[in-house]
Structure formats: structure tokens, C-alpha cells
Amino acid sequence: MRKLLSHLFRSTTQAEPLRGVPQVRNRAGGYVSEVDAWTRLTRFLILGSEGGTFYVRASELTIDSAQAVIDCLDTDAERTVRIIAEIAKSGRAPANRPALFALAIAFCEPAAVPHARAAFADVARTGTHLFEFLTAVRAMRGFGRALRGTIADWYLSKSVGQVGYQIVKYRQRSGWTHRDALRLAHPKDESKDSLFAWAVGKEAGDLPLIVRGFVLARDAALVDLPSIIREYGLTHEMVPSESLKDPVVLTALAERMPLGATVRFLGRFGAAGLLEGGSPLRDGILRRLGDADQIQKARLHPMKLLVALRTYASGKGLRGSLSWPVDGLVVDALSDAFHLAFQTVAPTGKRILVALDVSGSMGWSHCAGAESLTCAEGAAALALVTAKVEKNVMVKAFSHSFRDIAISPGQRLDDAMAVADGMNFGATDCALPMEWALENHKSVDAFVILTDNETWFGNTHPCVALRHYRQASGIDARLVVVSMTGDNFSIADPKDPGTLDVVGFDAATPRLISDFIAGRV
């Protein structure tokens, strides 16, 4: 009888579904809640699927995501396309490719085509976006009248100068060129006909200033390039690639280079000796990286700054043989810029436990499609943002056990990421933060768990552990789950109003988390 009672009333492990609760099995074998199609759509648009997770290949995630897009289109095509366009325009996603992929799917659904056409220019803002879209849509369908008309409208909606800029800056991608796109769409506009003729290799008359500069730069001697760059306003994409090693050419390009491109070029500037102490270029870059207004106006996604910091601090490129000396002040400036990229966050005054998943899967999976960053590193960066804002916060780590982690408010960003990346091993038990707080009599108003949702190891489900903590402590603790990968799982109970499921992180994420914890939303 004792054995029977023990079996009937034992805790449900994470490898089993909770009784009476709709759950699904995740990739690691644990049972969790499944998010709805709209949440799945948002996760895909923001996080993408390029990196995959420790338990699933990126191609499988893309197939799952495509089904979520189709399900949303079937439910409400207009709403689906609106979400795609809003995320593409807002800068919430580190990359635009998922939105372009989703829009390509929308063009395969007749009811969605009018909405997709209306939103096309908002999603495909550059020539590169156009080519990525064409690559995606070619794999799904043919180019009918509506699609050709959409591509033609993309060119016709811009001024002559704007089209010329797009043609010489974004010349080819994914096997497509403007010549291919123009021959496919056949846009007609008397003011642009000469430019279109030039783009497809025909005789052309008068061309925009930027195109004339591009033509000059192609055959110019290296010594003449700086003056051509300044006179015609050329960008680095418009000059011969071999000239991008020359310090004088790089200096000319840097004078009008946008902040986002400047951040990506830090390695090249360093390799050319342009970031040595006291150099005007270095001093200017440090000032710009310390200017919150410039960072906001440049719409620099925090993830891009994180990738730039990781790359620059390594002293070498991800590909090729380019290397450079690392300047500590530049690393500090990138770290500060990362924090400045976030919207202003008001402290909650609450007692917060930030728990980083440092299990093996977090160290393998790429964060938000950034191949140089692991989920663990991205989680550490976001934890550091919270630690800098809140006065009463504990930062801990967990895998199959709960442990301390050396992340503190005054720490440099690359140091915090290195600490998290060095701890990745073991199984995943996302119930541990709540269990640890209960066992150690810690008063916690909010748990913030940064994870890939691949929990499976524990004897208690995370939502049950939260319920036990609330009952035993008398604190109506809130739970925020930040998903670092784009799967369709969550450890949070979707029916619990005291839980918040967040996808990845962008400039608004810390503020959203703060407002939820403080009860402002």
C-alpha cells in the first residue's frame, strides 16, 4: 500500500507530462508548454532559425517556422503581414532575413498577396533585401504578374538618385543582381530609363552622380580614390575591394561612414593602423560610441554591437587572415554602447533573481542567428544589463545544479560573456531557481530565467516549482522567461498571468521586463 501511495502522489518529473495540463515534448525529451502560432511567428521573425539548437538542426526549425507562418496566414492574412512588416521596420530583429522569408510565403497565399504587396517596401528596404526575397520566393513559386509588378514598384517608388544608390551599393546577393531583377520586372519610367539601361548593360545617357562616381572609381588609380570618394559620396561597397586595405582610402570612407558600418569596420581600421592612440579617427569613434543619441538614431541593434565587440576583442576576423591589435578603450566603448542601445529602464525596486541556463545546449546553440555568439553569451550580456539597473538583484547560474556565477554590475561585457561561456556543461533543470530560493528562504519578487527551453532533467516542472514557491513564501512572485532560440516551446505556463514569455532581446526588452516586474504592464 505504501508503494502504491508513493507512486500515486509522487512528483511528476520533467520527463513526464503534468496531469491535466496540455504539454508537448521538447527536443531534449522534457515536457513543456507549447506556444501558439502567433508567438511562434514572432519568435521566428526576431530570432530566425539559422543557428538551430543543440537538439535540432536549423533546417528543421525553418520548416517548423514556415508552418507557423502558414497557420497564421490561414487564420488572419492581414494581421500576419502586419506583424511581419512591424518587426522588419522596428529594428527588433538582428537580421531581416526571417521577415523576408515569411513575406515570400505570404506571396504564395492568394488571400495574403494584396497585403504582402502593400507591405513589400517596408520589409525589403535595400537591394540586398530584394535579392534575399527573390531567392526565397523562387524556391516556393514562379514569378507571376503580381510578383513582377511588386518588384517593378520597388524600383519605381524611389527617386532616380535613390535607385542609383541601391544599384551601386547593393550590387549582388544570393546569385541575383539588379540586371536579373530588372529583366524580370521590366519597370518603365522615363526619368529612370537611362539608369535601368545602364544597370542591364546597355547604352545609357545621363546617370545619377553616385553612379558616375562608381564608374570612375572602378578604374581609378589608388592615389585618386580618396578624392573620388569625397566628391561623389561613395561608400565602401562602391570602391574596389582591394583598396580597403589602404589607410588613406579608409580614412576618406570613414568621414561619412554611418555608425553601423563604422562598428563593422573596426577590425579593418585597426589592421590599417588607424586606431592607434591619439589618432583622430579613433577619438571620433570613441565619441560616437559614447553618444546615446547617435546610437539610437543609427538604430543599432544591441546584438550587432555584441557581435562587433566579440569580433573586435578577438583580434581577428571570423573568416580570412585579417588580424589587428586590440585597443582596450575601443572594447570599453563597445561595451558601453551596448548598454546605451537599450531604451531607458526605470528600476523596479523589486527583489530579482536572474538565473542563467549554462547547460551544454546553451554553449552550443547560436544566439539569434549570430554565428559568433552562443546563447550563453547572449544571456550573460542581458543579465549584465539587469544587474546594472536594479539595486536588489542576484545573478546565478544553473544546469542540473544551481551555482554562483561571477557576473557583477561593474563588469566589462566581454568578461561577463567569457564567464558564462566557460561554465557550459550538464543537463537542464529550469525549476532549480525557484527550488533554490525556497530551500534557502530567499525572498524573491521576480525570477528572470534566460534559457533555450530545453529543460528535461528535474523531478519538478518549472511551473509547479513556481507555484510551490508562491504558496510557501507567501510572495506572489512573477516569472519572466527569455527564450534565446526560436523554437516553439516555453517553460512558462501560458495561462498564468504572473508569467511573461520574451523572445530574444532587442532595445526594448529590458524595459519590457522591468515594467512587467513592477506591475506597470
Residues satisfying the stated conditions in the stretch 136-164, i.e. in a loop (DSSP other than H, G, I, E, B) and in contact with a Leu (Cβ under 9 Å, 6 or more places away or on another chain): R141, F143
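Each row is one residue, and each column tells you yes or no for (1) farther than 19 Å from G504 by Cα; (2) touching a residue at least 60 places away in the same chain (Cβ under 8 Å); (3) touching a Ser or Thr at 6+ places or on another chain (Cβ under 8 Å).
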| site | (1), (2), (3) |
| --- | --- |
| A298 | yes, no, no |
| H301 | no, yes, no |
| A308 | no, no, no |
| Y312 | yes, no, no |
| K316 | yes, no, yes |
| P325 | yes, no, no |
| V330 | yes, yes, no |
| D336 | yes, no, no |
| A341 | no, yes, no |
Checking L250 against (1) surrounded by 16 or more Cβ atoms within 10 Å (Cβ to Cβ); (2) assigned by TED's automatic domain parsing to the domain that holds P325, the condition it does not meet: (2)
Test: residue in the stretch 189-204 that is without any contact (Cβ under 8 Å) to a residue 60 or more places away in the chain, over 24 Å from A104 (Cα atoms) and touching a Ser or Thr at 6+ places or on another chain (Cβ under 6 Å): yes
Extreme residue, surrounded by the most Cβ atoms within 10 Å (Cβ to Cβ), among residues of the stretch 383-406 that are within 10 Å of V354 (Cα to Cα) and in contact with a helix residue (DSSP H, G or I) (Cβ under 8 Å, 6 or more places away or on another chain): A397
Where V263 falls short, out of the listed (1) in contact (Cβ under 8 Å) with a residue 60 or more places away in the chain; (2) in a loop (DSSP other than H, G, I, E, B); (3) hydrophobic (A, V, I, L, M, F, W, C): (2)
Single condition S372 does not satisfy, out of (1) surrounded by fewer than 18 Cβ atoms within 10 Å (Cβ to Cβ); (2) free of Cβ contacts under 8 Å to residues at least 40 places away in the same chain; (3) within 21 Å of the chain's Cα centre (by Cα): (2)
Residue satisfying all of: in the stretch 475-505; acidic (D, E) and at pLDDT below 75; nearest to the chain's Cα centre (by Cα) among these: D487
Count of residues meeting criterion [part of a loop (DSSP other than H, G, I, E, B) and either loosely packed, with under 15 Cβ neighbours inside 10 Å or small (G, A, S) (or both)] in the stretch 222-247: 2
From T348, T262, T344, residue being within 20 Å of the chain's Cα centre (by Cα), over 30 Å from A221 (Cβ atoms) and of a type in the set (S, T, Y): T344
Residue under evaluation T126, criteria (1) out of contact with any Phe, Trp or Tyr (no Cβ under 8 Å at 6 or more places or on another chain); (2) touching a residue at least 40 places away in the same chain (Cβ under 8 Å); (3) of a type outside the set (K, R), criterion not met: (1)
The listed residue being hydrophobic (A, V, I, L, M, F, W, C), exposed (fewer than 15 other Cβ atoms within 10 Å of the Cβ) and on the phi < 0 side of the Ramachandran plot, out of A95, A146: A146
Qualifying helices (runs of 4 or more DSSP H) (wholly inside the stretch 165-221; at least 3 residues being outside the structural domain of G149 (by TED's automatic domain parsing) and crowded, with 17+ Cβ neighbours inside 10 Å): 209-219
Test: residue in the stretch 429-451 that is part of a loop (DSSP other than H, G, I, E, B), at pLDDT below 80 and on the phi < 0 side of the Ramachandran plot: no
Spans of strands (runs of 3 or more DSSP E) in the stretch 341-404 with at least 1 residues hydroxyl-bearing (S, T, Y), in the same structural domain as I513 (by TED's automatic domain parsing) and at pLDDT below 80: 370-374
Residue among A420, A427 that alone is in contact with a Ser or Thr (Cβ under 9 Å, 6 or more places away or on another chain), closer than 16 Å to C375 by Cα and surrounded by 21 or more Cβ atoms within 10 Å (Cβ to Cβ): A420
Residue satisfying condition, being over 21 Å from V385 (Cβ atoms), outside any loop (DSSP other than H, G, I, E, B), at pLDDT 90 or above and aliphatic (A, V, I, L, M), within set L334, L250: L250
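The values are calculated or read from the model by the stated rules, or taken from the named source; none is laboratory data. Predicted model, so just to flag it, every value in this text is computed and none were measured. A quick note on method: Cβ atoms are made from the backbone with ideal geometry, for glycine too, and the neighbour counts reach across all protein chains shown.
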